[in-house]
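**Q** Pasting in a structure now, in structure tokens, and then I'll have a few things to ask.
The values are calculated or read from the model by the stated rules, or taken from the named source; none is laboratory data. Just so it is clear, the structure is predicted and the values come from calculations on it, not from any experiment. For neighbour counting, all protein chains shown are included, and Cβ atoms are generated from backbone atoms with ideal geometry for every residue, glycine included. Surface accessibility is based on the protein's heavy atoms, side chains included, excluding ligands, DNA and RNA. Shrake-Rupley method; radii C 1.70, N 1.55, O 1.52, S 1.80 Å.
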Amino acid sequence: MFATLSDRLADTFKNLRGKGRLSEADIDATAREIRIALLEADVALPVVKEFVAAVKERARGEEVSGALNPAQQVVKIVHEELVAILGGETRRLRYAKNGPTVIMLAGLQGAGKTTLAAKLALWLKEQGKTPLLVAADLQRPNAVNQLQVNGGRVGVPVFAPEPGNGVGDPVSVARASIEEAKRTLHDVVIVDTAGRLGIDAELMQQAADIRTAVNPDEVLFVVDAMIGQDAVTTAQAFLEGVGYDAVVLTKLDGDARGGAALSIASLTGKPVMFASNGEKMTDFDLFHPDRMASRILD
Ligand code: GDP
């Protein structure tokens, strides 16, 4: 997804190779090229501005160290600043001290929530957890069935609406699922919620109501990295309408420019926790800002 950005940055650094010391003009030219590379990759403008200003300031102030030549210094600065906009340290899941850990997923329809729910369940299972998937997406006719199919693929049970569980009412289903998890000793509950194709007040309210009902340990905002600047708009709308603790980027295997998605952590102050990069259930892992920065700068 970030091949063009990688190539552009590599070209920029190539121009600095062999220089003994960076002049003001070198720094300006480099900053300009980095700016263009980031904008072309679709990174949000405020993030680009801040990024370039930080790189410039640090490149100017950098002591000529014995170990690194000026070109290497700039690469190091860009790497560190990339890690910073991607959220810094790897953000790990917080587990509840008592009772089941409740994870709620929110996001637009098609973001990859249902797929992600099963991937996350598998990932947790591989770490010795006993997750329960909860079908609280009652908007899309096929969503419950899809979660059941995906749950079956990863061998994780699905709590779905049926008489007694609150048929037709996602808030009741979600609430009942927590009781069920306690009763059947599941230690993590993953609540899949409904998404619409666009941002919509009713959807936000429903997600907010589910949040209140189940009091999650983590609310994860799931967003398709392929949708460009809409990813940023949606992230901001969900932050105001529902609130969340961390972001999950999906479809990082796509070939669209994914820079907008990479701007979300910086713009919302919420770190990216997981990344999904394919249709297979194992195409999923914790998001490591330093590894992503290294991949971009490789
Ligand atoms: P939901 O509406 O948010 O529940 O989204 P779904 O889980 O149904 O996903 C929508 C589509 O995106 C499905 O066709 C998934 O197979 C696909 N999808 C989900 N995650 C990924 C991913 O990481 N990479 C790719 N290439 N496709 C994905």
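**Q** Could I have the simple spin-label model distance between HIS79 and ASP298, label points 7 Å from Cα toward Cβ, reported in nm to one decimal?
**A** Going from the HIS79 label point to the ASP298 one covers 1.4 nm.
**Q** Hey, any idea what % of segment 60-216's accessible area is carbon plus sulfur with a 1.4 Å probe? Don't skip to the end; give the middle numbers.
**A** Numbers: 3580 of 7200 Å².
Carbon and sulfur together cover 50 percent of it.
**Q** Continuing with the same structure: Let me spell out the model: positive unit charges on the Cβ of Lys and Arg, negative unit charges on the Cβ of Asp and Glu, origin at the Cα centre of the chain. What dipole size does that give, in debye rounded to 20?
**A** Numbers: 33 positive and 39 negative charges, 102 e Å.
Using only the charged Cβ atoms, the result is roughly 480 debye.
**Q** Give the relative contact order (percent, whole number) for segment 153-298; include only Cα pairs under 8 Å separated by 6+ residues.
**A** Working: 179 pairs, mean separation 23.7, N = 146.
Computed value for segment 153-298: 16 percent relative contact order.
**Q** Taking the Cα-to-Cβ direction at ALA67 and at ALA53 and moving 7 Å from each Cα, how far apart do the two end points lie in nm?
**A** 3.0 nm
**Q** Determine which lysines satisfy two conditions relative to LYS97: a Cα distance under 16 Å, and not lying fewer than 8 residues away in the same chain.
**A** List returned: LYS129, LYS182.
**Q** Quick one: what does P(r) look like for segment 87-157 with 10 Å bins over all Cα pairs, in whole %?
**A** Per 10 Å bin, starting at 0, the Cα pair percentages come out as 18, 48, 29, 5.
**Q** Let me ask something else about it. State the antiparallel share, in %, of DSSP beta bridges confined to the chain, rounding to the nearest 5. Working shown, then result.
**A** Numbers: 3 of 28 bridges.
Roughly 10 percent of the DSSP beta bridges within the chain come out antiparallel.
**Q** Evaluate the distance, in nm, between pseudo-label points positioned 7 Å from the Cα of ARG92 and of GLN148 along their respective Cα→Cβ axes.
**A** 3.7 nm
**Q** Taking each pair of distinct Cα atoms in segment 123-258 once, what is the resulting Kirkwood hydrodynamic radius in Å?
**A** Radius from the Kirkwood sum: 15.8 Å.
**Q** Then there is this: Report the normalised scattering of the chain as log10 I(q)/I(0) at q = 0.14 Å⁻¹, calculated by the Debye formula with identical scatterers on the alpha carbons.
**A** Results for the chain at q = 0.14 Å⁻¹ read -0.95.
**Q** For Cα pairs less than 8 Å apart in space and 6+ apart in sequence, what is the mean separation divided by the residue count of segment 14-76, i.e. the relative contact order in percent?
**A** Values: 35 pairs, mean separation 31.7, N = 63.
Taking the mean separation of contacting Cα pairs over the length of segment 14-76, I get 50 percent.
**Q** While we're on this one: Given a 1.4 Å probe, how much area per residue of segment 119-200 is accessible, in Å²?
**A** Numbers: 3670 Å² over 82 residues.
I get 45 Å² per residue for this part.
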